[in-house]
Structures are given as C-alpha cells and as structure tokens.
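Okay, structure first, notes after.
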Amino acid sequence: MNSVLKYLLILLGLISVIINIVLICINSNRLPKCLSQPQESLKVTHSDKSLIFADLSPEEYKSVRDYMWAQKDLQISHAGTAKPSENFIFLIDLLLPKKADALRYLDAGATKPSREASVVVFYGAQGYLKEYVVGPLPGPLHHRDVTKEKYKTATLPFPARPVTIGEYVHLFSFMHEVFKNIEKPLRESFGYIPRKRGLLPYEGMPRGVQSGDRKTWISFFRDFSGMYIHPVGFEILIHHQSSNSSDWTVDRVLYNGQYFESIDDFKTKYEAGTVKKIVFKEIANFASLKPRNKPSGLGPQQYYLQGKRFSVRNNEVVYLNWRFAFGLSSLTGMRVFDIRFKGERIAYELSVQEAMSVYGSLTPGMMLTKFLDSSIGIGRFAHELVRGVDCPHHGTFVDTYRYIDTNVTLRSRNSICVFEHDMGRPLRRHFSDFFHNGYGGMANSALIFRTITAIGNYDYIWDFIFYQSGSVEARVHATGYISSSYKIDGSLEYGHQVAENVLGNIHTHFINFKVDLDILGVKNVFQTKDMVFKEVELPWMPSRKAKIPQLVEHQIMTEKEAAMKHNTKTPRYLHIASNRTNRWGHQRSYRLQVFSFAGDHLPESEPEERSMSWARYKVAITKHKDEEQTSSSLYSQNYMWAPYVDFSKYIEDNESISNEDLVAWVTVGFLHIPHAEDIPNTVTVGNGGGVILRPHNYFDEDPSINSPDGIYFSPGSESDCEYNKIACMEKEMCSSTLEPFTYHGFEGVMKFE
C-alpha cells in the first residue's frame, strides 16, 4: 500500500512538472524581458548661467530680511502677523536683471549681472508704502528707495496695500465681536453656535468705489468644506480704513435681500418681527469632494520605458532639443527664460502676468467684485502637487520658496512638476493608401512644465508645453469651486440656480501672458497674414471666373496699430519675424496662435477698467522696455481707480515696432455661466485658453522629422525594428503587460491593378 502511494505521488509530481513546463512555454512571450545591456544614462550638460533667473534661495531671503530688520531708522516689526499700525516687510522677491545686461552675459561672456532683491514695506506707523532694491547678493548689502523711480511719487497710499494676515486677524476678531451682538438672529437663521458651528467669511474686491476706500463687503457661508457654494444670505460692509481696528465700523447689513443701516438697525427690526426671516435647517454637504462611491481601482498610467529624456538641475530644464531656465514669482506665478531650440534662442521670457475675473450679482458681496489675482499673489498659492492626479507619478518635482506676508521664508514642497507626456494624439502621421503603400508617423511626446495655484475658490492649472516640432504652448485651465450668492428675487438675471437657495454667479476669466520672442536676435518685426477670396479668370477658359483664396500679408509699424482689441477683427496669422530668411526666401518667424473663449471686457467707461486695461486686447505688441516689466501691479486690486500700472499707457506713446525688440502681451479667457454640473467642482474640460508659439518658415522643414520617436514601415516590413522601434518593444523592454506589435492595415488598401 505504501509503495502504491509512493508511485502515485511520484506520478502526480511528474504530471505537475509537465503542466508547468507547458504553461511556461505558452506564456513565455508574456514574461518580463529586459535589454541584455542597460540603457546609457541621459547625457546632458547644464549651464549655471540660468541662475541669473533663479528665484531667491532660503539663505538669500533670510539675508535680505535680516538686513532690512537691522536698519533701525526703518523701524520694521519682526512679527509674523504685524498690526496694520506697524511697519512690516510684505514681500521679498527676485529683481530680474535688465535684459541687455542678461543677454551680454548669456551670449557675449560679459560680467554676470548683479543679483538683487525687490522689497515691499508697508509703513503702518506712517501711513504709506515704499519699495526698495537690496543687493548685491550675497553681500555686502545696501538698499535704495526706488518708489519714486518706479511710480513717480515718493510714497504710495496706504489703502493701496493688500490685506495682510495680520489685518485679517483683526478683521476676524472684529467680526466675532459683531456676532456677539446678534447671536439670536444668527442662531435662528443659520444655526450659528459660538465655538461650535460658525459662519465662514468671503470677501468681495475691490474694497470700495473710489481711491482711498477700504470698505469690504463680507459674505457669510456655512462652516463646510467647499464653503464657497453654501451662502446663507447674510452680508456686512466693514469700514476698516483706519490702521487702528478700534475705529472700524459696520456700515451696512444685508439679510435675505433686505438692507439695514447698521447692526443695531438689523437687530431691532429682526426682534420687532418686521424682517422676512430665514429659518435654519440642516443640510448635507453637497460641496464635499469625497467620492460618492469608494474608488474601485486605478486608471491608466504612463512611465518611461528607457528612462527620462529630460534633466532638471537648479532652475534649468534640458529636454531633447529644448533648454530653458525657470522661476516662480510670488506675485505673477510661473515664468521661463532664455528658451532655446537646437541652441537658438526662441524667446527671452514667457510668463504669466495676471488672472482677472469680473462678477455679476444682485447682492453686494459679488455685485462689484473684480478679482486681480497678482495683487493677492498667484505664485504665492502654488502648493504641493499630488502625484498621479496633479502630475504623473513619473514626473520630476521641484520645491519652491517664497517670502510674502510672513516673517520667515516659506517652502512649498513639490510645487512645480516637469514630465514628458504622450499627448494621446499623433504629432503627425500618414497612411499611404494610393500607390506607394506605407505608414509614417510620430507619437506626440512633449515636455510639460506645470504648477497649480489654488487662489481662494479657484484652482488654475498652468502649463508650458514644449513640442518636438519646435512649438511652445502656454496654457491655463480653471477648476475648483465657483463663487456663489444667496438666491433672492431677481437673482436669475445673473446666473443659474445650482442648489437650494444657491446662485452660481456669471463671471469672466481673463488671463494675461507676456511673450518676449527673440527671433534670431532682438531686431524683429510684426507681421500679419490672412486670406481674401480673389476673383480670377480661368486661364484655360477665359470666359469663366472663379473666386479662390489669396494670401494677404502686412507688416505692422506702430504700437497702436498692433494693439488688437477683442471687439475688432484680427488677422488670423500673427508673426514676430526676423529679417533673415529660410532656404525658400521667406522671413523666419514664430506665429502667435491664440485660443480663447473670452467674454466681453469691462467697458472702458467704468472707473475700475484702467487697472485691467491689458484685457482690452487679444494681442498687443510693444517695444521692450525694462520699466514695462509687468502688465499689472501688486496695488491694482485695492487702488483700481488710479492704478500705478496702467497697461494702456504702454501703447499710448505709439512707438515704432519695426526692427525693434518686441514683446507680445496675449490675453485669453472664457466666459463662465455656472450650471448644475459645476457642483461640487468645476471641471477643466472646456474651461481654459492659451497661446501656441509655432515656427512659421523658421526652419526649412519640420524639425520633428529628425526625432528619435518617428516610425516608418511598408508592406512586408511591419515587424522590422530599424525604423519602427515599437515593433520590438515587447521583446526588449522590462514589462509584463505589453502586447506584441501587430499591424494589418495594408490588407484593405486600394489597388489599381
């Protein structure tokens, strides 16, 4: 019996071995396989010259701060939440070098430009603002007052400043005291319970209706995550112009669409029963972004089969034929410099300048709201990016540092990401059905440089995309929460209802980019191209005529002529061109291709319009000036009626733009009429805009024809790896998931035999 059992076990073991051998043979093509030799590591030579554009380091921020603190005559507070009545360093940021100095250093080996910092000080004790330049870094440091040099005035008015964290501390304390006086109406109407269930504030801007005002409408929302779509119907107007918070007052109250002269007026009428009351009821938080169903798995992922083809060191990125320096301004956000393709500079600067929204509403919290985000700080709100959602897992992440509204340098981990990405659509391809059968194509793999800024309710996704065809794209998408107001009679003229008693307010988004193209140098011209239909006689049949497209070309000579407003017809092709020609005799140029769904710009007759005059123009071309560095200003939000940077002034002098160093200012955007699908969050699909910088006769042919990513095969060579690396991918790469390459498209070609 034992012998039989022994032989039976041996037989079962042999059968098991045979089955496993068969399974291994069947699935041998599915097993992970690796190259017999490892791939060579990416060989890149970086340049330290990019560092002239690098953001200040933590050590540099500290050095400048300590130096300014040490100036006893300035009497600057060291507090992180300084009172409005104290002197306070609001901002330290890199002062960009003058362009001519930078180019001499980059191209001619001249002396490296001095590294300096720009410092903004709020003098609460004296009631004015000043700006300084501190340098050279690393030292010894000196400072000079540049307020008059920049703004033609010795000091800037105190009400022009943004609200600091220190001022917010006092505002919240002030509101807490106000609430003590009206706890009963707040409890009955909104479920308010001190220290247990509060009301969250959201402020409208600008803070008043004329220069010098500092009167802010505060709207209140339920204490939920995603508070922005939970308005309760209660708003107050706080007058906080004085640097002494004990002087602040509530000048108006709005409750359920009814206005009151003061808190006492509201309280008296509420208790007398002459007010149409709101009755509190519990609701679920429909603003929550927690998935309604538990996630069941992961979506597709991309990864680098042969390692990364780009390199990031310090503030320089090198990718195939591309090379550029980068930075992140606390105020304006993402920017890149010295953009080169195959060693030739395409652009000196490509940067975000401003993000603006204008709202419509029947209630005051949104009625006059016009947000200018650089006054709050676009780059300031670049937080850590989430791997696998905000950026692919395989991206390279970069930390950034800032000193704004603080007393210590702040670090934002992983707030920039760089990654190469298959855009999911071929860059080019052709399947030859007629005559010479064959397929040639190329995947559109591009480098993306990204940051995301969460400014209050809105999140902006900023991308600079570098294509292998020599094109660069600056693109923005908006997501996050819409702003909302409490629905009252007449509200539907200003948006759609998106929840019970909630109106999604109509608003515009305008984004301004600075595009400083240098096409084969700084002596460029601005050209336009378009088409007309021209009636011609048919040469072989003179009695017949036909209308056919004809090319129309113009060179624009002055800044005013090159300022193209939204309400005018714009030529479809806009070019910054060199006077040098390509092989075919055409001027080498780059085209500005704008894609936008912008709403109407605020009428120029409105008193606030001058602070956002850049938004009048789809595209404006100006002669480069170092003093015209930005299209907006830190002070534009709170001093809209007499702005210290009025972009339209850049154009009024109407200088020549023929054979000059030219800068393009490009405005894109979209009109947002909120709808039910904006709850809980606005999606990125369709909500964005941008500009593509495309070579136009710059090269003699498409440079991507030299890309290592191109493939070609003809009938009979489908599995040949020489010009089709994809055919051998499953044999060579370490992957257990790749299917063998097959192709059967030639079976259906047209034959003329």
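The values are calculated or read from the model by the stated rules, or taken from the named source; none is laboratory data. Note that the structure is a prediction, hence the values are computed from the model and not measured. Counting neighbours? That spans all protein chains shown, and the Cβs are built from the backbone with ideal geometry, glycine included. Surface accessibility is based on the protein's heavy atoms, side chains included, excluding ligands, DNA and RNA. Shrake-Rupley method; radii C 1.70, N 1.55, O 1.52, S 1.80 Å.
Of F280, F419, the residue with the largest accessible area leads and the full order is F280, F419 (1.4 Å probe). Modelled spin labels at K43 and V683, positioned 7 Å past Cα toward Cβ, are 4.7 nm from each other.
Solvent-accessible area of I15, all protein chains in place: 80 Å² (probe radius 1.4 Å, heavy atoms, ligands and nucleic acids excluded). Near R580, the amide H atoms lying under 5 Å from its own belong to R588; only residues 5 or more places off or on other chains count, and H is placed 1.01 Å from N.
Principal semi-axes of the equivalent ellipsoid, √(5λ) from the alpha carbon gyration tensor of region 495-624, are 38, 25, 14 Å from largest down.
Under the classification rounded if a/c is under 1.5, otherwise prolate if a/b is larger than b/c and oblate if not, where does region 541-581 fall, given a ≥ b ≥ c as square roots of the Cα gyration tensor eigenvalues? Judged from the Cα gyration tensor, region 541-581 comes out oblate (a/c at least 1.5, b/c at or above a/b). A Förster distance of 25 Å, applied to the separation of the beta-carbon atoms of Y304 and N706, puts the FRET efficiency at 0.75. One chain, two ends: K649 and H554. Fully extended at 0.36 nm per residue, the span grows by 31.7 nm beyond their Cα-Cα distance. Taking the charge dipole of the chain about its Cα centre, with +1 at Lys and Arg Cβ atoms and -1 at Asp and Glu Cβ atoms, the residue from H143, F326, S288 reaching farthest to the positive side is S288. First check a/c for region 222-263, with a ≥ b ≥ c the square roots of the eigenvalues of its C-alpha gyration tensor; if it is under 1.5, answer rounded, and if not, answer prolate when a/b is larger than b/c or oblate otherwise. Since a/c reaches 1.5 but b/c is at least a/b, the shape of region 222-263 is classed as oblate.
The amide H of T332, built 1.01 Å from its N in the peptide plane, has I378, G379 as neighbours under 5 Å, considering only residues 5 or more places off or on other chains. Each residue, M541 and A125, gets one label point 7 Å from its Cα in the Cβ direction; the gap between the two is 9.0 nm.
Of all complete DSSP H helices in the chain, those with a Cα span along the helix axis of 27 Å or greater and a mean Kyte-Doolittle hydropathy of 1.0 or more are 2-26.
Each Lys or Arg adds one and each Asp or Glu subtracts one; over the other residues with Cβ under 15 Å from the Cβ of L517, this totals +3. Sum up the charges of everything whose Cβ sits under 9 Å from the Cβ of L94, counting Lys and Arg as +1 and Asp and Glu as -1, but leave L94 out. Summing Lys/Arg as +1 and Asp/Glu as -1 gives -3. Contact order, relative form, for region 196-273: 19 percent (alpha carbon pairs under 8 Å, 6 or more residues apart, mean separation divided by residue count). Gain on full extension, evaluated as 0.36 nm per residue between A70 and N293 minus their Cα-Cα distance, stands at 74.6 nm. The residue among Q629, I556, P539 whose Cα reaches farthest toward the positive pole of the charge dipole of region 528-634, with charges on the beta-carbon of Lys, Arg, Asp and Glu, is P539. Annotation for region 278-319 versus region 655-701: alpha-carbon center distance of 24 Å.
This structure gives Cα extents along the principal axes in Å, computed directly, and of (i) 100, 68, 56; (ii) 95, 93, 73; (iii) 97, 82, 53 that value is listed as (ii). Of the residues Y151, Y712, ranked by 1.4 Å probe accessible area with the largest first, the sequence reads Y712, Y151. On the beta carbon distance between I673 and K148, with R0 = 45 Å, the FRET formula returns roughly 0.50.
Ranking of K152, K342 by solvent-accessible surface, largest first: K152, K342 (1.4 Å probe, protein heavy atoms only, all chains present).
Among the protein heavy atoms, those of E384 account for about 100 Å² of accessible surface (1.4 Å probe, every chain in place). For M367 and Q258, a Förster radius of 25 Å and the Cβ-Cβ distance give a FRET efficiency of 0.95, rounded to the nearest 0.05.
Its DSSP H runs of at least 4 residues, each contributing -39,500 (n - 2.57), put the calculated 222 nm mean residue ellipticity of the chain at -4000 deg cm²/dmol, to the nearest 500. The slack between F435 and V386, meaning 0.36 nm per residue of separation minus the straight C-alpha distance, is 12.6 nm.
Between R115 and L137, the built amide H atoms are under 5 Å apart, and every one of these is 5 or more places off in sequence or on another chain.
Rounded, prolate or oblate for region 285-345? Axes are the square roots of the Cα gyration tensor eigenvalues, ordered a ≥ b ≥ c, and the cut-off for rounded is a/c under 1.5. It comes out oblate by the Cα gyration axes. The relative contact order of the chain comes to 13 percent, based on Cα pairs under 8 Å that sit 6 or more residues apart.
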